[in-house]
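The structure under discussion appears below in the form of structure tokens.
The values are calculated or read from the model by the stated rules, or taken from the named source; none is laboratory data. Computed from a predicted model, the values in this text were never measured in an experiment. Neighbour counts run over all protein chains shown; Cβ positions are idealised from the backbone, glycine included.
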Amino acid sequence: MKQLQASWKGLLLCLVIAVPSWFLGKQFPIVGGAVIAILAGMVITLFIKDKSAFEAGIKFTSKKILQWAVILLGFGMNLMVILETGKTSLPIIISTITTSLVIAYVLHRVMHIPGKISTLVGVGSSICGGSAIAATAPVIDADDEEVAQSISVIFFFNVLAAILFPTLGQMLGFSHETGEAFGIFAGTAINDTSSVTAAASTWDSMWGLGSATLDTAVTVKLTRTLAIIPITLVLAFIRTRKEKGEGDGEGKKVSLKQIFPMFILYFVLASVITTVVYSVFPEGSAVYAAASSIFSFLKNVSKFFIVLAMAAIGLNTDIVKLVKTGGKPIIMGFCCWVGITVVSLTMQHFLGLW
């Protein structure tokens, strides 16, 4: 009750930004509600002279509600179906994810880009853009400006990919008769789901393929999204081990429960529950239909919570500082983007898909 009394003003402010951003994101999916919310928050905060009354609610929204969003993201992830339908693209996905993470690490060392921003850009580029950043940020304890900077970089290259990739696919001679090659390309080389669907839909429209390209691209993208689970778990254990070591060095007793981000385990549990339910109950049964409706609702709640959290992050971000310090992360994002694109095309050619 005390927390609600302290937080309601900031939470209400975030809601005022998030609700219209959510609906605008539906109208402009290539941008998405999360990006609109974070940009709106950055602008609105410039006009608030004293944020002290809102700080508790903004902090609660950017931290706790973001964690709840990640947990709910696990519902609707049927691991077995996604892996089965995406197995053709699995070698490409593994190669592109590895490429992006290696590039991010090398540039972090060479260009002295802060470690948390490097991690967020690398993970966001390699897996699924904003959702991966949302899942990773609380695991590595990234601050709001680091999240905002990473989201901005990913968004920039998402928009470029959605616009340029259909023309690039035509120049490279992708098949016009089926959407498989371009669908795999879009699903493995474009960061965010909204831009994947935009590029794939454009290819379908260009060649009259119905939804063939879109179906392939979305399936590949869902398979790629599964990488959130092992990567966040690994990052969580690295952080836990590091903080436990620092605690031991100071002669303090460190509780694993206090420093390990437990919400990641709840996220994994949610995806396991979904997989078990879909595996046990046959498609078409009443239980299967009811579960599908519930999981779909929870997934939409998760997406809204991400928009809500991004509004809070925008409110906590100094846009002037963001612009001044944004050069190196943009270079990193560009290098990751180019690396993923080249590896995706090379692997497709090697596997005989293009």
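Would you please name the residue that is surrounded by the most Cβ atoms within 10 Å (Cβ to Cβ), looking only at residues in the range 1-56 that are over 24 Å from Lys321 (Cβ atoms) and basic (Lys, Arg)?
Restricting attention to the range 1-56, the residues satisfying the condition of being over 24 Å from Lys321 (Cβ atoms) are 1-9, 11-12, 15-16, 19-20, 22-30, 33.
When the remaining residues are screened for being basic (Lys, Arg), the result is 2, 9, 26.
Values: Lys2: 6, Lys9: 17, Lys26: 9.
Residue satisfying both the conditions and the ranking: Lys9.
Restricting to the range 226-249, and then to whatever is within 16 Å of Ile71 (Cα to Cα) and at pLDDT 85 or above, can you tell me which residue is surrounded by the fewest Cβ atoms within 10 Å (Cβ to Cβ)?
The initial filter retains those residues of the range 226-249 that are within 16 Å of Ile71 (Cα to Cα), namely 226-233, 236.
Next cut, at pLDDT 85 or above only: 227-233, 236.
On the way: Ala227: 19, Ile228: 25, Ile229: 18, Pro230: 11, Ile231: 21, Thr232: 24, Leu233: 16, Ala236: 21.
Residue satisfying both the conditions and the ranking: Pro230.
Any residue at all in the range 254-268 that is in a loop (DSSP other than H, G, I, E, B), modelled with pLDDT of 80 or more and loosely packed, with under 13 Cβ neighbours inside 10 Å? Reasoning before the result, please.
Filtering the range 254-268 down to residues in a loop (DSSP other than H, G, I, E, B) leaves 254-255, 260-261.
Next cut, modelled with pLDDT of 80 or more only: none.
For the range 254-268, residues in a loop (DSSP other than H, G, I, E, B), modelled with pLDDT of 80 or more and loosely packed, with under 13 Cβ neighbours inside 10 Å: absent.
Of the conditions (1) of a type in the set (S, T, N, Q); (2) closer than 22 Å to Gly333 by Cα; (3) crowded, with 24+ Cβ neighbours inside 10 Å, Thr197 satisfies every one except a single condition; which number is it?
Only one criterion in (1) of a type in the set (S, T, N, Q); (2) closer than 22 Å to Gly333 by Cα; (3) crowded, with 24+ Cβ neighbours inside 10 Å is unmet by Thr197, namely (3).
Does Ile294 fit the bill of being touching a helix residue (DSSP H, G or I) at 6+ places or on another chain (Cβ under 9 Å), assigned to a helix (DSSP H, G or I) and of a type in the set (Val, Ile, Thr)? Quick ask: steps written out before the conclusion?
Values: touching a helix residue (DSSP H, G or I) at 6+ places or on another chain (Cβ under 9 Å): no; assigned to a helix (DSSP H, G or I): yes; of a type in the set (Val, Ile, Thr): yes.
Considered against the rule, which asks whether it is touching a helix residue (DSSP H, G or I) at 6+ places or on another chain (Cβ under 9 Å), assigned to a helix (DSSP H, G or I) and of a type in the set (Val, Ile, Thr), Ile294 comes out as no.
Ile71: in a helix (DSSP H, G or I), aliphatic (A, V, I, L, M) and surrounded by 19 or more Cβ atoms within 10 Å (Cβ to Cβ), yes or no? Lay out the reasoning, then the answer.
On the way: in a helix (DSSP H, G or I): yes; aliphatic (A, V, I, L, M): yes; surrounded by 19 or more Cβ atoms within 10 Å (Cβ to Cβ): yes.
Yes.
So, Phe54, is that one modelled with pLDDT under 90 and either among the hydrophobic types (A, V, I, L, M, F, W, C) or closer than 27 Å to Asp192 by Cα (or both) or not? Step through it out loud before you land on a result.
Working: modelled with pLDDT under 90: no; either among the hydrophobic types (A, V, I, L, M, F, W, C) or closer than 27 Å to Asp192 by Cα (or both): yes.
In short, no.
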